[in-house]
């Protein structure tokens with residue numbers, strides 16, 4: 001059930017149902033939140049964001065609600081993340097695991113989720129890159145969970161971080177070469193815009 005829940009291709013369904021657009025054919029061709037924002041706009045992007053977070057949240061929270069404790073809820077959350085990235089409804093393709101992992105973290109430890117959200121927002125504001133912010137926020141959760149002696153979350157966060165880095169390998173290459181896609185705000189975006197205006 002967790003896998004099927006995670007497999008729901010939110011971006012594809014929202015795009016086809018309300019916009020008659022298959023986002024897999026536009027932008028970065030990814031079905032996640034960032035490409036949905038880019039192709040379909042902020043309203044659709046926000047809806048997909050909450051849906052993808054919700055998948056990880058429900059898959060992790062339900063076992064906790066029914067009294068399954070210890071590290072088992074995290075396993076269900078990871079299964080939802082696997083469904084999100086290898087969706088049975090999308091030829092075993094999918095997103096980059098960020099939003100669904102965030103939902104898992106929100107259910108398991110809301111305080112850690114808040115830390116990750118603040119780090120992500122700060123990184124995006126500074127670098128104007130969602131990909132870089134996502135990777136840094138995942139690394140931060142490894143550090144925080146390790147410092148609080150949460151061995152289960154540390155191990156799973158480490159595995160998910162490696163997986164997220166792998167899923168963002170093309171983005172990392174773009175960052176190294178200076179041609180990663182930027183969000184239309186943030187200090188780096190404004191700096192480049194200022195430089196271009198100064199040259200003209």
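No lab work stands behind these numbers, since they all come straight from the coordinates. None of the values given here were measured: they were computed from a predicted structure. Ideal geometry is used to build each Cβ from the backbone, glycine not excepted, and the neighbour counts take in all protein chains shown.
Neighbour counts of C-beta atoms inside 10 Å place 197, 170 in the sequence 197, 170, starting with the fewest. Over segment 54-168, the reciprocal of the mean inverse Cα-Cα separation, the Kirkwood hydrodynamic radius, stands at 14.1 Å.
Shape class for the chain, computed from the alpha carbon gyration tensor (a ≥ b ≥ c): oblate, with a/c not under 1.5 and a/b at or below b/c. Stretched out straight at 0.36 nm per residue, the stretch from residue 187 to residue 162 would grow longer than its current Cα-Cα span by 6.2 nm.
One decimal place: the segment residue 151-residue 86 gains 20.8 nm when fully extended, by the rule 0.36 nm per residue minus the C-alpha distance.
Across segment 80-153, the relative contact order, built from alpha-carbon pairs under 8 Å that are at least six residues apart, equals 18 percent. Packing, as the average of other Cβ atoms within 10 Å across residues, places the peptides 117-126, 184-193, 7-16, 87-96 in the order 7-16, 87-96, 117-126, 184-193, highest first.
For the peptides 147-153, 108-114, residues were scored by their other Cβ atoms within 10 Å and the scores averaged per peptide; the highest-first order is 108-114, 147-153.
Of 4, 132, the sequence from fewest to most neighbouring Cβ atoms within 10 angstrom is 4, 132. As a rough guide to protection, the peptides 53-60, 26-33 ranked by mean Cβ packing within 10 Å, highest first, stand as 53-60, 26-33. Based on Cα contacts under 8 Å between residues 6+ apart, segment 1-108 shows a relative contact order of 35 percent.
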